[in-house]
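Report on the following structure.
The values are calculated or read from the model by the stated rules, or taken from the named source; none is laboratory data. Fair warning: this is a prediction, and the values are worked out from it, not measured in the lab. Quick reminder, even Gly has a Cβ in these numbers, built from the backbone with ideal geometry, and neighbours come from all protein chains shown. Accessible surface is based on the protein model in full, side chains and every heavy atom, while ligands, DNA and RNA are left aside. Shrake-Rupley method; radii C 1.70, N 1.55, O 1.52, S 1.80 Å.
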Amino acid sequence: MELEEPTPYEEGWLKILDELKNSPAVEVLNEAREDIDPTAEDTAFEELAEWEGVDIGMELRSAYIRFAQLGSQWRTIDPHPYLTGEFQLTPLPLVVHEDAPEFPSSLYSDEQRELATGFRVIDASPFTGTGSFVALRLQSGVENPEVWFSDHRTNTLWQMNLDYRAYMDALRLTKGVFDWQHLFTEAPLSDEEFAGTAADLRVMLDVLPELFPDHDYSDLQARFRERT
């Protein structure tokens, strides 16, 4: 069977992997660059609407990738300041039919576990195994699902102040630096509890613009200043 060609949007994601792999300042520890999955197609959204009453909006349907898996685990090398990150994406048409992740009752409240029944994981870190992930929250009648960050360090679920399309755009910039998602949560980055996270984000926004000057980090830098 002839392999499908990537769309321009998908080519942009392959370029992100290439940027990491080709940077002399970065060591790629693991990479997932799988072929396009022919089952990752729009019919999955029609089935979701018919079977579960969840109708994903057309705008989001134009912002997904069809690679069976796509991701990278990486770190900077000397003499550059230390940064590390990971992302691994699953096609949105496949995600919507996955089961919700499990949340142990010993670590999460009944309210949190009920909230998470609509979660479908879109981004995770399987190579590092941190346990953190990002999920869409599917709800009947909601065309633009909420995006939630499950932070393994605090066993806390954080709603992010962006949608799926904006999440993908921000991920292209941050390249999965750990905890970048807190730029878009209500986590109190100026508090002592999040001092380490804030320090890491500051390094990210100093280093990545130098390593990848073709990308514009000014919006993320402005958001960080506002949050801290």
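General remarks:
- Taking GluC sites (Glu not before Pro) across region 99-134, the ones in a DSSP loop with at most 11 further Cβ atoms lying within 10 angstrom of their Cβ are E102.
- The chain - percent of accessible surface contributed by carbon and sulfur, probe 1.4 Å: 46 percent
- Using the Cα coordinates of region 1-59, the gyration tensor eigenvalues translate into equivalent-ellipsoid semi-axes of 32, 14, 11 Å, sorted from longest to shortest.
- Length added when fully stretched, E11-N155, from 0.36 nm per residue minus Cα-Cα: 48.3 nm
- The Rg/Rh ratio of region 81-161, with both radii computed over alpha carbons and Rh defined as the Kirkwood radius, is 0.97.
- The P(r) of the chain has a tail past 21 Å containing 57 percent of all C-alpha pairs.
- Potential lengthening of the chain between D18 and R225 amounts to 71.5 nm, from the contour at 0.36 nm per residue minus the alpha-carbon distance.
- Relative to its Kirkwood radius, the Cα radius of gyration of region 152-220 gives an Rg/Rh of 0.96.
- Sparse-neighbourhood loop sites, GluC sites (Glu not before Pro) in region 1-78 - DSSP loop, at most 12 other Cβ within 10 angstrom: E2, E34
- 1.4 Å probe accessible area per residue over the chain, in Å²: 50 Å²
- Computed [θ] at 222 nm, deg cm²/dmol, the chain (DSSP H ≥ 4; -39,500 (n - 2.57); rounded to nearest 500): -10000 deg cm²/dmol
- Tail weight of P(r) past 19 Å, computed on alpha-carbon pairs of region 1-111, percent: 59 percent
- Whole-Å distance, taken between Cα centres, linking region 59-94 and region 1-44: 9 Å
- Centre separation in Å (Cα based) which lies between region 133-150 and region 160-228: 20 Å
- In terms of its Cα atoms, region 32-88 spans 54, 21, 17 Å along the principal axes, sorted from long to short.
- Using the alpha-carbon positions of region 115-187, Rg (one decimal) and Dmax (whole number) come out as 11.7, 36 Å.
- E27-R202 pseudo-label distance in nm [points 7 Å out on the Cα-to-Cβ vector]: 2.6 nm
- Note on D216 and T84: the extension gain reaches 45.5 nm, defined as 0.36 nm multiplied by sequence separation minus the Cα-Cα distance.
- Residues within the reach of a label modelled at D169 (point 7 angstrom out along Cα to beta-carbon, backbone nitrogen below 17 Å), restricted to region 130-157, are 144-147.
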